[in-house]
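FYI, it's all coordinate maths here, none of it is from the lab. A quick note: this is a predicted structure, and the numbers were derived from the prediction, not measured. Here the Cβ is made from the backbone with ideal geometry for all residues, glycine too, and neighbour counts use every protein chain on show.
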Amino acid sequence: MSATARPRRLTPMDVRARKGDTPLVCLTAYTTPVARLVDGDCDVVLVGDSVGMVLHGLPSTLGVTMEMMILHGQAVDRGLSHALMVIDMPFGSYEESPEQAFRNAARLMAETGAGAVKLEGGVAMAETIRFLTARSIPVMGHVGLTPQAINALGGYKVQGRGADAARVLADAKAVAEAGAFSVVLEKVPAALADRVTGEIAIPTIGIGASAGCDGQILVVDDMLGLFTDFRPKFAKAYAELGQAAGAAIAAYAEDVRARRFPAPEHVFADSPGASS
Ligand code: KIV
């Protein structure tokens, strides 16, 4: 395929330009087949550090490593031809200094083909976001509930209720002013999400936020009903694939025990015939 015929992937600038326009559709993906499934319908595919909980059974995202992100990033990249791929910077890979963040962000992008990185934190991370964006690393911010900070936040609680709204607003403004091209708003009151969306110049991507955000993101396994460990209120399940898979596995087990599987059409004859 010639370079001109190759479908163009969305860029951070395309996403930035969607402020106030048709809402951005975003999902996570961690594998090639799921990336292929979501690519056509999504503007942004996030290789989220939620991979640690969803696919690796970790109790939180804190144990996710650079190596895990790179392996899953490479897999997702192979499945995308349209959406912008954003990759999460794992806990401990960027907080120490802007230089540490640059080293690890550059590695994530170079080794996976991601078009941007996402990192958690507002005012405290503004200097780092400025440092990265000045050095050609597009950054998606993430404020409100930041799961890498659960120990400091005391759990997965709604952020920004009452007087705390000012803190979340300041975080979102700091991320936008530092040069991020978009920002995830997680688990904040809907009215606050609408206010933030109205007061910053970059697209807000809501998760547990508001339909008034400039886009929405969900963990793909949550919206498919596959991740059954727990289901947050905001994670609408558009299918119950976990239940369907359980029923299929039980039917297979019954067939094997009753010697109904494999049936004649699943086995091979001694000499190759029409169906070999
Ligand atoms: O890791 C992740 O999947 C995320 C999204 C839920 C925003 O950060």
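Quick one: of the DSSP bridges fully inside the chain, what percent are antiparallel, nearest 5?
Here the share of antiparallel DSSP bridges comes out near 5 percent.
What per residue convex hull volume, in Å³, comes out for the stretch 188-233 when only alpha-carbon positions are used?
Output value, Cα hull per residue: 69 Å³.
With springs only between Cα atoms under 10 Å, which of 148, 216, 100 fluctuates most in a Gaussian network model of the chain?
Result: 100 has the largest fluctuation of those listed.
Could you work out which residue, out of 250, 258, 166, moves most in a Gaussian network model of the chain, that is, has the largest mean-square fluctuation with Cα springs under 10 Å?
Answer for the Gaussian network model of the chain: 258.
Take the Cα gyration tensor of the stretch 129-276, multiply each eigenvalue by 5, square-root it, and list the three semi-axes largest first, rounded to whole angstrom.
48, 20, 13
Taking the Cα atoms of the stretch 1-127, report the difference between the largest and smallest coordinate on each principal axis, in whole Å and largest first.
That gives 42, 32, 28 Å along the principal axes, largest extent first.
Under a GNM of the chain (C-alpha, springs under 10 Å), which listed residue has the highest mean-square fluctuation: 33, 59, 264?
The residue with the greatest mean-square fluctuation here is 264.
Quick check: residue separation of residue 236 and residue 258 times 0.36 nm, minus the Cα distance between them. What number comes out in nm?
Between residue 236 and residue 258, full extension yields an extra 4.1 nm.
In the P(r) worked out for the chain, what percent of Cα pairs fall beyond 32 Å?
Counting every Cα pair in the chain, those more than 32 Å apart make up 28 percent.
If contacts are Cα pairs under 8 angstrom and at least 6 residues apart, what is the relative contact order of the stretch 12-239 in percent?
19
Could you tell me the extents of the stretch 70-214's C-alpha atoms along the three principal axes, largest first, rounded to whole Å?
Sorted largest first, the three principal extents are 43, 33, 28 Å.
In percent, what relative contact order does the stretch 129-240 have, based on Cα pairs under 8 Å that are 6 or more apart in sequence?
Computed value for the stretch 129-240: 21 percent relative contact order.
Net charge around residue 53, counting only other residues with Cβ within less than 10 Å of its Cβ (Lys, Arg = +1; Asp, Glu = -1)?
-3
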